[in-house]
Structures are given as C-alpha cells and as structure tokens.
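Novice: Handing you a structure now.
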Amino acid sequence: MSPRSASVNEELRRRSRERLLQAAVELVGERGFDATTLGDIADRAGSARGLVSYYFPGKRQLVQSAVHRLMHRTLEEALEREPRTEDGRERLARAIDAILGLARDRPVLMRQHMAGLLQAEGFVQCPEQRRLAELLGETVARYGSQTVSADYPMLRALLMGAVYAALVPGVPMPVPALRAELFQRYGLDWEMGVPPESTTDAKAEGEDLSRFFATEERPERRERA
C-alpha cells in the first residue's frame, strides 16, 4: 500500500482540527466550560485524545478558537446572505445583528467565551481570530471609515460590551435595547439588518453546526469595491 501524499495528509489534519472545533462549540454550549474535558471533546470529534494537544496547547485555547470560528462563519453568512449588498450601512447592521444574535441564541457558550477573554492570555492569536478581525475590519471600511485602524477596535469593543451586557447573570440587558444603542451610534435605520421582530423564537440548541465547520475549501470572496 503506497504512502499517503502530503496533500492528503494535510487534508486529513485539517478535517481533524475542524471536527475538534465543532465538538468544542457543541459541548461547551451544552455543558459549560468547566464540565467539558478535552477527552469529551476528542470523543465527540471521533479523534484520539492525544491529537488535541497536537493542535491546541490547552482547553481554553481550543474553545476560544472554536468560538471565533463560529463567530466569523456566522458573520460571513450574514454579510453574504441574499439579497447580497455592497451598502456599507446595511453590512454593518448585519454584522451587529450577527454578533448580538449569538449572545441571544447561545448564552452559555458566549458567556464562557467572554469569561475566557478575561484570563491572562486574552485573545488567542489563531486563524479563526484573525479571520474574524479581518471581516470586522472590512465591514468598518465599507461603512466608510477613513481610519480603520482606530474604528475597528472601537467596533470590537462596543460589540464585546454589548455581548457582556446581554449575558450578565441576573441583570441582563435586552438585546433589542443594545441593538438600538449601537444602531443609533452608527446612524443605522432600525429596519436594516435583521430586526428582532423579524426573527423566530426557535432555540439554537440542537441546531446542526456543521456548515460553520465545513472541511471543504471556502469559495473565494468578492474583492471589496
């Protein structure tokens, strides 16, 4: 039997890593961070337990990368959904709604994520985090920012603050109120994006997440005009 080619090995490694990311999101969303072990994640992904440490130095880094993957794929889906648009204000509205929607639909997962960001290591510099930053930076640029290097961190901070406010146990702020504040700041019309009244009350638990962790190559995105 001939040995596998380098390209086949690379594809298998990519698929293994993405199965671990999906399993981490599912389990932490179901059980919370502390109740989820690396062994649980490996078992859910169908991977050898020793393989987890090959890709990630620890559970917190794995979970943060997994949530950043879910965030950037959710954001991509929102920005590119039909009807597609190049309007910067509409794209910013979609971005805000995508992130606030994760706080609304996946409170356990996002609460654990926010708590993890306050640990000493802060943001994990991984491909998933860099892709999320790239998408938000592009959104700010299309909105019309002349100083993306300053306006992107501000948008990130405002979104993080809104997610935190929506998830504080005991005193959460309603997502529509947080949305209204952000829309007012950026001069966006309430009807833009996905207004709360247009969404269903269906729970996200049990939703098939595989589209966010697909192993096939992603199609090339259109160049920014």
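Novice: Can you tell me the relative contact order of the chain? Whole percent, Cα pairs under 8 Å, sequence separation 6 or more.
Specialist: In percent, rounded to a whole number, it is 25.
Novice: Could you work out how much longer the chain between Ala6 and Arg211 gets when fully extended? Use 0.36 nm per residue separation minus the Cα distance between them, nm to one decimal.
Specialist: 71.2 nm
Novice: Exactly which GluC sites (Glu not before Pro) in the range 129-195 are in a DSSP loop and have at most 15 other Cβ atoms within 10 Å?
Specialist: Sparse-neighbourhood loop GluC sites (Glu not before Pro): Glu191.
Novice: Can you tell me the alpha carbon radius of gyration of the chain divided by the globular rule-of-thumb value 2.2 N^0.38 Å?
Specialist: Relative to the rule-of-thumb radius for its length, the chain sits at 1.06.
Novice: Multiplying the sequence separation of Thr85 and Tyr186 by 0.36 nm and subtracting their Cα-Cα distance, what value in nm do you get?
Specialist: That pair, Thr85 and Tyr186, stretches by 34.6 nm at full extension.
Novice: I've got another one for you. Might you tell me the accessible area per residue for the chain, computed with a 1.4 Å probe and given in Å²?
Specialist: On a per-residue basis, the chain sits at 53 Å².
Novice: So, counting K/R as plus one and D/E as minus one, what does the shell of residues with Cβ under 15 Å around Arg185 add up to?
Specialist: Here the charged neighbours net out to -1.
Novice: Here's another thing I want to ask about it. Please give the calculated 222 nm ellipticity per residue for the chain, where each DSSP H segment of at least 4 residues contributes -39500 (n - 2.57) and the sum is spread over every residue; nearest 500 deg cm²/dmol?
Specialist: When only DSSP H runs of four or more count, the value is -20500 deg cm²/dmol.
Novice: Between Ser198 and Asp34, with labels modelled 7 Å along Cα→Cβ, what's the label distance in nm to one decimal, could you check?
Specialist: 4.1
Novice: Sticking with this structure for a sec: Counting only protein heavy atoms, what percent of the accessible surface of the range 19-175 is carbon or sulfur at a 1.4 Å probe?
Specialist: C and S atoms contribute 56 percent here.
Novice: To the nearest 0.05, what FRET efficiency results for Val108 and Val148 with a Förster distance of 30 Å applied to their C-beta separation?
Specialist: 0.35
Novice: Now for a separate question. Using alpha-carbon pairs under 8 Å, 6+ residues apart, how would you state the relative contact order of the range 1-60 in percent?
Specialist: 31
Novice: Follow-up. For a quick check, take a GNM of the chain with Cα springs below 10 Å and name the residue from Gln61, Gln112, Gln125 with the largest mean-square fluctuation.
Specialist: Maximum among the listed residues: Gln125.
Novice: Answer with one residue from Ala150, Val140, Tyr55: the one whose Cα lies farthest towards the positive end of the charge dipole of the chain, charges on Cβ with Lys, Arg +1 and Asp, Glu -1.
Specialist: Tyr55
Novice: What is the dipole size for the chain, taken about its Cα centre, with +1 at each Lys and Arg Cβ and -1 at each Asp and Glu Cβ, in debye to the nearest 20?
Specialist: Rounded to the nearest 20 debye, it is 660 debye.
Novice: Determine the shape class of the range 130-196: with a ≥ b ≥ c the square roots of the Cα gyration tensor eigenvalues, call it rounded for a/c under 1.5, and otherwise prolate if a/b is greater than b/c, oblate otherwise.
Specialist: It is oblate, given that a/c is not under 1.5 and a/b is not larger than b/c.
Novice: Which Cα, out of Gly39, Gln64, Ser210, lies furthest along the positive dipole direction of the chain (beta carbon charges, K/R +1, D/E -1)?
Specialist: Gly39
The values are calculated or read from the model by the stated rules, or taken from the named source; none is laboratory data. Keep in mind that this is a model prediction, so the values were computed, not measured. Every residue, glycine among them, receives a Cβ derived from its backbone with ideal geometry; neighbour counts consider all protein chains shown. We work out accessible area using only protein heavy atoms, side chains counted, and drop any ligands, DNA or RNA first. Shrake-Rupley method; radii C 1.70, N 1.55, O 1.52, S 1.80 Å.
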